[in-house]
Amino acid sequence: MDDLTHLFNHRLNKKLKEIGKYSRLIVNDHFSVIMLVILGFVALSYREFLNYLSQPLTEIIKLAILSIIMLFFALSLSLGKPYWFNHLADPSYLFAKGDGWHSYWKKALTVTAVLPLIGQLLAFSMILPILVTAFNWSVNQCVGFLVLVLIFKVGQFINLYLNSFNSFKAKYGFLKLIRDASFFSIVWMLGTLISYPIMLLSIFNIVYLFFAYLRLKKVRSSPIDLSYAVESSVRSNEAFYRFVGIFAQVPQIKSSVKKNPVCEVFLPFLAGSKTNLYSYYLTRALLRNENYVGIIIRTTCFFVMTLMILPSNGWVLAIFGALAFWVTISQLVGLYSYPDYQVLFSLYPGIDNEVKLQTLMGILGRLLGVQSLFYFIILIFKTNNVLEGIMVGMAWAISQLALIKIYIPYRLKKKKAKKGVSFAKID
């Protein structure tokens, strides 16, 4: 293509379609329910925290809160970087474009800066109520602070663009983001302590943009390192697929099946005492396939972290536990048809689907038992109330029984009614 900006638009549209496809897989019915519940709990906890901040606070507590906000703000400022959309074949087929790459990269810089700026607005909206409540900031101070933050974020993107002219410096771009974000946050914290945050941040931004301008003049006639652009794009693609792989299967990521010493400990227990053709096979598939193991680890860790921040209310904890078990089962029920796509099982005579169903129900029931024991230990430490913990545990046991005896048969029957659906794939 003569105009590389058209090439960029084509690659951008292709990536947006890919993001849309995976977004529909990730933000499904299960995930939407989870996010609504969690956002509700987080909103309630945040409101209680703001009520606490509205009380008179000591200087030490204010300093501690300010330090935590500074660390959060430094982290948010260091996230987000340009996405160049370069491919491995670009140096071979499009290297001769020369200066034409400047327009391509500038378009990429402009377009991909939008999402980090939106993310920065969201991060600012989270700390804004704390600044108003705990530190009595006025509207003008908040608006001025927001403008300075966005200017600094734009300056960060300009510096990342300038790094692309020097591959040695560009390789350490993320470390520079962390360094600059830390400096910005420290200046803001010092300014807050002496009651002049806007003035100090304005001076910092002016100096930061001035050095960026000097760098721009220095590299104006320098060629962009195309090999770095390709390397950076490949790393960004890999990071994108790894993130999507947390929630759904990605063809670009090859799953492996191998023994795991930690998971092998649970193999005899999950297989059960009444072994048959499916018991050890399905258990091995569950504990050795990294897709299924990943689901178990991710859901357990995610709900443990959420359990620790929930209010100590018996009903809330009971509903939350039932939701956690449902999320686990809904993603592992596809294990039912895992043997159907294996050659040996296709040749094996006398396969009984009812035995396979009962075996799967027993395996997943014991798995939920292990999860609930783990949740119960966290719950006892959280509430420090054994009686309440036992009541919540009984509610969890009832929800597990309903999921195993009612939900799994219903889900498989519903799936079988749909033609062309592969149960071997993880939902």
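Please list, or write none, the aspartates and glutamates whose alpha carbon is within less than 13 Å of the alpha carbon of Lys259, excluding same-chain residues fewer than 8 places away. Of all the aspartates and glutamates, those that pass the test against Lys259 - Cα under 13 Å, at least 8 places apart if same chain - are Glu290.
Calculate I(q)/I(0) for segment 261-424 by the Debye formula, one identical point scatterer on each C-alpha and no solvent, and give its log10 at q = 0.17, 0.19 Å⁻¹ to two decimals. Those come out to -1.04, -1.23, one per q.
Distance from the alpha carbon centroid of segment 57-71 to that of segment 121-153 works out to 16 angstrom. Applying the Karplus relation 6.51 cos²θ - 1.76 cosθ + 1.60 with θ = phi - 60° to segment 384-392 yields 3J(HN,Hα) values of 6, 9, 5, 4, 4, x, 5, 5, 5 Hz, where x marks Gly and Pro. Fully extending the segment from Lys21 to Ser45 would add 5.3 nm, taking 0.36 nm per residue of separation and subtracting the current Cα-Cα distance. Excluding Ala113 itself, calculate the net charge of residues whose Cβ lies under 10 Å from the Cβ of Ala113, where each Lys or Arg counts +1 and each Asp or Glu counts -1. Once positives and negatives cancel, what remains is +2. Amide H contacts for Asn86 (H built 1.01 Å from N in the peptide plane; partners 5 or more residues away or on another chain; cut-off under 5 Å): Ser233.
FRET efficiency for the Leu387 to Lys413 pair, using the beta carbon distance and R₀ = 45 Å, is estimated at 0.70. Straight-line cross-link reach from Lys107 at under 16 Å between alpha-carbon atoms covers these aspartates and glutamates, not counting any fewer than eight positions away in the same chain: Asp2, Asp3, Asp99. Spin-label model, Ile378/Ile406: points 7 Å from Cα along the beta carbon direction are separated by 2.6 nm. Pairs spanning more than 27 Å between alpha-carbon atoms, out of Lys15/Lys106; Lys81/Lys382; Lys356/Lys382; Lys21/Lys416; Lys153/Lys218: Lys81/Lys382; Lys356/Lys382. If the segment from Ile118 to Arg298 were pulled out straight at 0.36 nm per residue, it would be longer than the present Cα-Cα gap by 62.1 nm. Couplings for segment 109-122, taken from phi via the Karplus curve 6.51 cos²θ - 1.76 cosθ + 1.60 with θ = phi - 60°, read 4, 5, 6, 7, 7, 5, 5, x, 5, 5, x, 5, 4, 5 Hz in order; Gly and Pro are left as x.
Within the chain, all pairs of alpha-carbon atoms sorted by distance into 20 Å bins from zero give the percentages 20, 42, 33, 5, 0. Each residue of segment 301-307 is assigned a 3J(HN,Hα), and the resulting list reads 5, 4, 6, 5, 5, 5, 4 Hz, derived from the Karplus form 6.51 cos²θ - 1.76 cosθ + 1.60 (θ = phi - 60°), x at Gly and Pro. Projecting the Cα positions of Val149, Gln358, Pro261 onto the charge dipole of the chain (unit charges on Cβ atoms of Lys, Arg, Asp and Glu, taken about the Cα centre) puts Gln358 furthest along the positive direction.
Candidate cross-link partners of Lys258 among the lysines, defined by an alpha-carbon separation under 18 Å and a same-chain spacing of 8 or more, are absent. Neighbours of Tyr208, meaning other residues whose beta-carbon lies under 13 angstrom from its beta-carbon, give a summed charge of +3 when Lys and Arg score +1 and Asp and Glu score -1.
All of the numbers you see were taken from the coordinates with simple rules; none came from a lab. Here the structure is a predicted model, which means the values were calculated and not measured. Neighbour counts are summed over all protein chains in view; Cβ atoms, including those assigned to glycine, are modelled from backbone coordinates with ideal geometry.
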